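Taking it in order: structure first as structure tokens, then the write-up.
The values are calculated or read from the model by the stated rules, or taken from the named source; none is laboratory data. Keep in mind that this is a model prediction, so the values were computed, not measured. Using ideal geometry, Cβ is built from the backbone for each residue, glycine included, and neighbour counts are taken over all protein chains shown.
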Amino acid sequence: MRVRKQRAVLNHLGSVHAIALCNMAELAGGTMTEVTIPKTHRWIPKGMTVEYLRKANHDVYAIAEPEGAVDWSKAGEYKVGVIIKDTETNDEVFRAMITMWVSPKKMVA
Amino acid sequence: MSQLWNLYQQAGADAFTQMLCQFAPYFSTITPKFVTLDKGKAVVEVPFRREITNHLGTVHAIALCNAAELAAGTMTDVSIPAGARWIPAGMTVKYLAKAKSDVTATADGSQIDWDNCHGDIEVPVSITDKDGKEVFTASITMNVKIS
């Protein structure tokens, strides 16, 4: 997914705000999780670790991918890696590891 | 103390917040209100509003991250030695409970040796709901350079 550099997402340095990058990571990571996990399961974010690598001076795009295999038979952590790149320089500006808690949905009688 | 602290003292919390949101527009998304800004401590309140809710109707995880960044960043700015610079290098956050009310973010720098900090420092932030329940914690890594 892509985000345009516009005033509403800037910091005091005129680059894309660190937390706007976090928001992109959460959106990309969350929607990827929603469409990837089995229909029988649900997810909720538990936490994340992020690194700000460079100033984001242009439009940016995020790529979210699952990290490692998951045993769907029980509730557990589902790790999602997200990288964000500058669309003009193609430099990686941000990296996140989001921890999702994925569990089987409760059956409704 | 820093220019930012002087501005906070002179302008007062409300005008200070408005100016800060002009300089860094993304903070305005959480309509923050400063309660405290001092060397070693910052407290920011964020009112519950529909605009910052998630699909569950609670305060969005990233709105909490934004409040944490604001409290930690301003506290770092007013706490480091004169002439020093800082930039956030990363953070680790934990979502502990759903936030269903106004929330308060507190950056606590009481354990940091501000007069001798150089390189990466870890700034802890806690966010509580109206009942005082902790809903979120963060450890924000700030890179400080003494000029």
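Brief remarks on what is shown
- Meets criteria (small (Gly, Ala, Ser), within 13 Å of chain A (Cβ to nearest Cβ) and either within 24 Å of B:Ser147 (Cα to Cα) or over 15 Å from the mean Cα position of the chain (by Cα) (or both)) for B:Ala63: no
- Every pair of residues 6+ apart whose Cβ atoms lie under 7 Å, when the first sits in segment B:28-50 and is over 19 Å from A:Ile19 (Cβ atoms) while the second is loosely packed, with under 15 Cβ neighbours inside 10 Å and modelled with pLDDT under 95: B:Lys39/B:Met1
Residue by residue, here is whether (1) closer than 12 Å to B:Val103 by Cα; (2) in a strand (DSSP E or B) holds:
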| site | (1), (2) |
| --- | --- |
| B:Leu7 | no, no |
| B:Phe16 | no, no |
| B:Leu20 | no, no |
| B:Ser28 | no, no |
| B:Thr36 | no, yes |
| B:Val43 | yes, yes |
| B:Phe48 | yes, no |
| B:Glu51 | no, no |
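- Check on A:Ala25, out of contact with any Phe, Trp or Tyr (no Cβ under 6 Å at 6 or more places or on another chain) and either more than 11 Å from chain B (Cβ to nearest Cβ) or among the basic types (Lys, Arg) (or both): no
- Leading residue by the ranking (modelled with the lowest pLDDT) among those in segment A:2-39 that are of a type in the set (D, E, K, R) and outside any helix (DSSP H, G or I): A:Lys39
- Within segment B:1-27, tally of residues that are free of Cβ contacts under 8 Å to residues at least 12 places away in the same chain and of a type in the set (Ser, Thr, Tyr): 0
- Residue list for segment B:88-147, filter: over 20 Å from B:Phe48 (Cα atoms) and of a type in the set (Ser, Thr, Tyr): B:Thr92, B:Ser110, B:Ser139, B:Thr141, B:Ser147
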